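This report refers to the structure that appears directly beneath it.
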Ligand code: F6R
């Protein structure tokens, strides 16, 4: 949610900033801007629209070898519409800042500053933070930041430059992520390492209360008492290629294609002799044995993975599981017993609501487990235990490979619980884990080979205004995700319904020609789902059915049938997800939409 970057070094800073912003663009793309030192003056260039628009606006600055330092921003609008005026950087003639987050008390601060004579040009909360720093600035930037921090409420990560501190960056944060990353040709401040991975894999995450002061050849991190801290760097094991498209037309397709590998990698990482080994996660057998209830808390796609996880854990481990949206969990005074376990699932590890839910559970003394993709993210650091989804960087805004790997981790966890609670024998568990390691990746690969068939189906339905996704059990859990994927990147209105529920109201919307995409992979309830499909067909619906190849549906049951590689019913959501992701992907491609950066969205939702 907003990407920020700062660079100070020996090479042209503007080019470095803009290139970095291009890599961060998926965090928000309402507007973009840079501020940099040119002839000891601070110059700002910013505009509404994408980084490309900013690049076009910049001229010789992109090659001026005399510009060594600057800050940049790509915006996901919160306060104030996307416009040139509301674009970052914001500031005064003394100071310029880029900001990710929300200043909650900005109205109050703005009033305070207006009374002191400040005039505001934008509707943003960020401008108040910049002017507040300016207000406290006499001759020492660190003192000014400290004073401003005392007044700022909300969440923020900020990188600042001061006119009188030529070629120097200042960075600080509260709740939102920001890192410093050293390279051979200078130093970066950036929202996340993936944006500068072609220069360095080493980074140090700033902690709350710290201020980083950065020059071309030095990084100083001051603790809350203004004492320099010893810096030890973390290293990511991603490479630059993993963060680039690698020949695919879109990140989304590339990421879907990575699913077989990342599932295999993540599952094998958590097995020992085909038995789940979660010892590194901090979860003990004792905890799993004693757990009275498991609460899965997450947002969006990650929550949908939780829906599948619930069914798997309840089926294999016989422990009750509730799945709650993080934004709801926080405010419903959840009933948590001391032996319960709270599992938060998050690709980014930075989602504000999920993080807040995690903190709430911790405050109540409940063991928290994070299922997280980004190492070193806030959730990874704050959870009592972590299971990593080793999906690598996910750049497309619509989550795909991270979801499938979240399923894989939840399956491993469910098997572990089944074993520990003596609901499954070692032999049963080994049979399942073999399937997860081999048949599941193989099944996903087989679906990928059928992408052209799925593309043809996408072409047939792409011009519809509305699509209903129905299923029962696991198939309902997967249709929630299939509908979300389709709507977020195709802008077609999609609704997911438990197949048996349609007739309790929603079927009134099913009229001649309305598409119904039905998921019917569960052999035990396929008959029931087929009845529900017929009910919609009788009202003129056009039917597409996803089913397992060993459990086919009658040919005349649908206009289109996608037969999926057959796995145990428990694991069918993996291959179904891949097929549904490809369907959504090609629908968006055929509609000529911006697949990787759908409107109004951002990858990492760090606001509540
Ligand atoms: C949809 C999507 C979102 C995220 C949600 C949570 O494709 O990606 O629904 O799943 O914003 O994000 P994380 O997993 O980073 O907590």
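Readers should treat all values here as calculations from the given coordinates under stated rules, not as data from a laboratory. Since this is a predicted model, take the numbers as computed values, not measurements. Note that we place each Cβ from the backbone using ideal geometry, even for glycine, and neighbour counts take in every protein chain shown.
Below are the figures for this structure:
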{"item": "Theoretical FRET efficiency, 1/(1+(r/R0)^6), r = Cβ-Cβ of residue 495 and residue 362, R0 41 Å, to 0.05", "result": "0.70"}
{"item": "Potential lengthening between residue 466 and residue 539 on full extension [0.36 nm per residue; Cα-Cα distance subtracted]", "result": "24.8 nm"}
{"item": "0 to 90° range, to nearest 10: angle between helix 300-317 axis and the chain longest Cα axis", "result": "40"}
{"item": "Between 0 and 90°, nearest 10: helix 259-269 axis offset from the chain longest Cα axis", "result": "90"}
{"item": "Kirkwood-based shape ratio for the chain, expressed as Rg/Rh from alpha carbons", "result": "1.00"}
{"item": "Contact order relative to length of the chain, as percent, for alpha carbon pairs under 8 angstrom and 6 or more apart", "result": "12"}
{"item": "Packing-based order for 587-597, 52-62, using average beta carbon neighbours within 10 Å, highest first", "result": "587-597, 52-62"}
{"item": "Burial ranking of peptide ranges 292-298, 142-148 (average Cβ count within 10 Å, highest at the top)", "result": "292-298, 142-148"}
{"item": "Fully extended contour minus Cα-Cα distance, from residue 524 to residue 328, at 0.36 nm per residue", "result": "67.3 nm"}
{"item": "Compactness of segment 83-144, expressed as Rg and Dmax over alpha-carbon positions, Å", "result": "11.0, 32"}
{"item": "Point-to-point label distance, residue 65-residue 116, nm (Cα→Cβ direction, 7 Å offset)", "result": "4.2"}
{"item": "Cα Rg, Dmax, segment 407-544, angstrom units", "result": "17.7, 52"}
{"item": "Mean Cβ count within 10 Å, highest first, over the residues of peptides 369-380, 225-236, 208-219", "result": "369-380, 208-219, 225-236"}
{"item": "The chain: angle of helix 106-115 to the longest principal axis, Cα-based, in degrees nearest 10", "result": "20"}
{"item": "Distance between modelled label sites at residue 550 and residue 459, nm, 7 Å Cα→Cβ extension", "result": "3.4"}
{"item": "Which of 351, 301, 511, 220 has the fewest Cβ neighbours within 10 Å, and the rest in rising order", "result": "511, 220, 301, 351"}
{"item": "Computed lengthening from residue 237 to residue 225, 0.36 nm per intervening residue step minus Cα-Cα distance", "result": "1.0 nm"}
{"item": "Computed Rg/Rh of segment 299-379, alpha carbon atoms with Kirkwood Rh", "result": "0.94"}
{"item": "Theoretical ellipticity at 222 nm over the chain - DSSP helices of four or more residues, -39500 (n - 2.57) apiece, nearest 500", "result": "-10500 deg cm²/dmol"}
{"item": "Exposure proxy ranking, count of Cβ atoms within 10 Å, fewest first, for 173, 153", "result": "153, 173"}
{"item": "Computed over segment 251-446, the ratio Rg/Rh where both radii use C-alpha atoms and Rh is Kirkwood", "result": "0.95"}
